[in-house]
Amino acid sequence: MSDVPYVRRGVERGHRDYGWLDTRHTFSFGGYYDPAHLGFSRLRVINEDTVAPGRGFDAHDHRDMEIITYVREGALEHRDSLGNGSVIAPGEVQRMSAGTGIRHSEFNASEDRSVRFLQIWIEPEAMGIEPAYEQRAFDTEQCRENLVLLLSRGGRSGSLTIHQDVDLYAAELDHAEVIHNADPGRDIWVQIVDGTADVDGVPLVAGDGIGFNGKASEWRLAMRSSERAHILLFDMLASVSARRAR
């Protein structure tokens with residue numbers, strides 16, 4: 001364990017531009033491989049995707065992964081082999097448990113506006129679970145100057161359910177500060193989705209992420225912004241084998 005945080009700068013992420021898709025990978029994904037950035041704790045993927053109007057991902061398969069879709073601009077149309085069909089808009093969160101296998105497609109729901117979203121993969125606590133899907137709208141006003149719980153193991157406090165000991169929070173800061181109290185033995189990852197923020201004294205901009213390995217005692221993590229910033233915070237059971245490559 002190291003007390004030095006792992007800072008992943010957005011400008012250093014893997015990047016591919018396919019014309020219809022502009023995608024940036026915080027961790028190794030698909031054709032982008034970097035042994036120094038294989039994931040962090042339970043996190044395997046944080047992709048920031050911008051998809052052109054009317055374009056998208058044809059039906060494809062997933063297994064044994066918790067997949068979260070978080071739209072920031074535009075709208076994303078989802079269809080899957082469980083019979084679900086929906087449009088995900090800003091303020092909504094979708095969780096898909098791939099489990100024993102699921103097939104889905106994702107398309108920009110607009111013919112004249114791009115869609116920008118984060119797709120996040122988290123390793124499940126067990127393999128071979130039954131595939132499942134869940135989507136919910138959250139009151140974005142509650143995120144202002146406050147950490148709002150979006151996902152948790154067991155779906156407590158009205159959050160979505162995830163099959164792993166991970167809490168995912170969102171906060172919207174505007175010349176404000178929020179404090180997260182972390183329990184011992186928890187790994188923390190903070191992703192700056194939009195704007196700029198200072199996290200534990202480290203200045204970060206949109207696309208940047210910072211990870212803290214589990215500490216032996218309770219600790220306080222301060223996040224401050226001198227302008228508007230949108231932040232995601234992952235609070236995860238510490239993982240020794242799944243830590244980032246050093």
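Being modelled with pLDDT of 95 or more and surrounded by fewer than 17 Cβ atoms within 10 Å (Cβ to Cβ) is the filter here; which residues of segment 202-219 pass it? Answer for segment 202-219, where residues must be modelled with pLDDT of 95 or more and surrounded by fewer than 17 Cβ atoms within 10 Å (Cβ to Cβ): V202, P203, V205, A206.
In the set D165, D139, which member is modelled with pLDDT of 95 or more and not hydrophobic (A, V, I, L, M, F, W, C)? That would be D165, the only listed residue that is modelled with pLDDT of 95 or more and not hydrophobic (A, V, I, L, M, F, W, C).
Return a yes/no flag: does segment 184-195 have any residue that is farther than 25 Å from E12 by Cα, small (G, A, S) and not in a strand (DSSP E or B).
We begin by selecting, within segment 184-195, every residue farther than 25 Å from E12 by Cα; these are 184-186.
Within this subset, residues satisfying the condition of being small (G, A, S) are 185.
Within this subset, residues satisfying the condition of being not in a strand (DSSP E or B) are 185.
Taking every residue of segment 184-195 in turn, at least one turns out to be farther than 25 Å from E12 by Cα, small (G, A, S) and not in a strand (DSSP E or B).
A count restricted to segment 54-95 and to residues that are charged (D, E, K, R), at positive phi and without any contact (Cβ under 8 Å) to a residue 40 or more places away in the chain stands at 0.
With respect to the stated conditions, H163 is part of a loop (DSSP other than H, G, I, E, B) and closer than 25 Å to T69 by Cβ.
Residue pairs whose Cβ atoms lie under 6 Å apart, separated by 6 or more positions or on different chains, with the first residue in segment 135-146 and farther than 15 Å from R72 by Cα and the second surrounded by 14 or more Cβ atoms within 10 Å (Cβ to Cβ) and of a type in the set (A, V, I, L, M, F, W, C), are Q142/V148; E145/A176. Do you know which residues across segment 132-150 are surrounded by 14 or more Cβ atoms within 10 Å (Cβ to Cβ), out of contact with any helix residue (DSSP H, G or I) (no Cβ under 9 Å at 6 or more places or on another chain) and closer than 19 Å to V87 by Cα? Selection gives A132, Y133, E134, Q135, T140, L150.
Please find, within segment 134-160, the residue that is nearest to M236 (Cα to Cα) out of those that are of a type outside the set (F, W, Y) and assigned to a loop (DSSP other than H, G, I, E, B).
Looking only at segment 134-160, we keep the residues that are of a type outside the set (F, W, Y), and these are 134-137, 139-160.
In the following step, the residues that additionally are assigned to a loop (DSSP other than H, G, I, E, B) were identified as 139, 145-147, 153-155, 159.
Details: D139: 24, E145: 22, N146: 19, L147: 15, R153: 10, G154: 14, G155: 15, S159: 16 Å.
By that ranking, first place goes to R153.
Under 6 Å between Cβ atoms, which residue pairs at least 6 apart in sequence (or on different chains) link something in segment 8-36 that is under 30 Å from E111 (Cβ atoms) with a partner that is buried (at least 19 other Cβ atoms within 10 Å of the Cβ) and hydroxyl-bearing (S, T, Y)? Note: pairs meeting the criteria are R13/T26; R16/T23.
Name the residue that is surrounded by the fewest Cβ atoms within 10 Å (Cβ to Cβ), counting only residues in segment 16-71 that are in contact with a Gly (Cβ under 6 Å, 6 or more places away or on another chain) and modelled with pLDDT of 95 or more.
Y32
Go through segment 169-192 and give me each residue that's on the phi > 0 side of the Ramachandran plot and out of contact with any Leu (no Cβ under 9 Å at 6 or more places or on another chain). Working first, answer last.
Pass one, segment 169-192, residues on the phi > 0 side of the Ramachandran plot: 175, 185.
Within segment 169-192, H175 is the sole residue that qualifies.
Give segment 89-106 a look and list any residue that's within 12 Å of G56 (Cβ to Cβ) and crowded, with 19+ Cβ neighbours inside 10 Å, or say none. Explain how you work it out, then say what you get.
Of segment 89-106, the ones within 12 Å of G56 (Cβ to Cβ) are 104-106.
Within segment 89-106, H104, E106 meet the criteria.
The values are calculated or read from the model by the stated rules, or taken from the named source; none is laboratory data. Not measured: the values here are computed from a predicted model. In this analysis, Cβ positions are derived from the backbone assuming ideal geometry, glycine residues included, and neighbour counts consider all displayed protein chains.
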